[in-house]
Amino acid sequence: MSATASKRAPLPDDIRARKGGVPLVSLTAYTTPMAQMMDDHCDFVLVGDSVGMVLHGLPSTLSVTMEMMILHGQAVARGLSRAMMVVDMPFGSYEAAPQEAFANAARIMRETGAGAIKLEGGVGMAETIAFLVQRGIPVMAHIGLTPQSINTLGGYKVQGRGAAGDALMRDAQAVAEAGAFAVVLEKVPEGLSNRITSEVPIPTIGIGASAGCDGQILVVDDMLGLFTAFKAKFIKRFANLGEQGAVAIAEYARAVRARDFPGPEHVFSDEAPK
């Protein structure tokens, strides 16, 4: 089942059932208009904590709050009818204890209508994932490069090369056994990504991983060329709307200063129409 063919949004079990099938399509969204544009094309849409960097100008995801995620989740929900919405749990909202994670996840789902939440971590978060799933919270896991842990990872580095690959495999197996319905693999070497995809029973969603993953996700502002602060190797720009927007704004400024805008067709007559 694909989002484009479905009359309803997929459920987590529908996503899980796509393991090994037609690749799952996903993008991030933070606003209603962007969600509307991708609704017909994505199986699930992620309200990512990348919103902090992309829309709010923050240096990382670490300052993103529950209130920000809920606000943007509510906006995205208004633009979706066919794609499932997944909302990131922000840093500090789930790590301390499973009970705290449940309270915050329940709030996100209750206030946004999300179909699932996503959290970062592997073996160390397996207990929390199981706790949430047992209480009705569908969980998408996220391993490899976990942006909320960049201070301990030493930056935005590729994860799982060499001997570290075995640990990442254990992370993938742990989240699957804990009940996650899918797992994001971020910045994981191609060979290891393929190995994880072949050995874990849940869909793998790649971002900087492998075309062999069960699906792919990108930050929409990256793939549209709207966010240009940096460009990771794994990003393909399918459009350059940032450049086009800059040209359009410059032309607008020129037209205003030259009094070419507004023109006769943009202003109103003093007389009421008959």
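The values are calculated or read from the model by the stated rules, or taken from the named source; none is laboratory data. Remember, it's a predicted structure, so these values are computed and weren't measured experimentally. FYI the Cβ positions are ideal-geometry reconstructions off the backbone, even for glycines, and counts take in every protein chain you see.
Against the numbered list (1) of a type in the set (Phe, Trp, Tyr); (2) in contact with a Leu (Cβ under 7 Å, 6 or more places away or on another chain); (3) more than 17 Å from Ala209 (Cβ to Cβ), Tyr156 comes up short only at (3).
Within the range 221-237, the residues that satisfy the criterion of being over 17 Å from the mean Cα position of the chain (by Cα) and without any contact (Cβ under 8 Å) to a residue 60 or more places away in the chain are Thr228, Phe230, Lys233. The single condition among (1) over 20 Å from the mean Cα position of the chain (by Cα); (2) under 28 Å from Gly52 (Cα atoms); (3) surrounded by 18 or more Cβ atoms within 10 Å (Cβ to Cβ) that Thr204 does not meet is (1). Of Ala97, Ala116, Ala103, all but one fail to be small (Gly, Ala, Ser), at pLDDT 95 or above and within 16 Å of the chain's Cα centre (by Cα); the exception is Ala116. Condition check for Ser210 on (1) over 30 Å from Gly20 (Cα atoms); (2) touching a helix residue (DSSP H, G or I) at 6+ places or on another chain (Cβ under 9 Å): one failure, at (1). Here Val87 meets each of (1) crowded, with 24+ Cβ neighbours inside 10 Å; (2) touching a Phe, Trp or Tyr at 6+ places or on another chain (Cβ under 9 Å) with one exception, condition (2). Quick check, is Met140 in a helix (DSSP H, G or I), at pLDDT 95 or above and in contact with a strand residue (DSSP E or B) (Cβ under 8 Å, 6 or more places away or on another chain)? Considered against the rule, which asks whether it is in a helix (DSSP H, G or I), at pLDDT 95 or above and in contact with a strand residue (DSSP E or B) (Cβ under 8 Å, 6 or more places away or on another chain), Met140 comes out as no.
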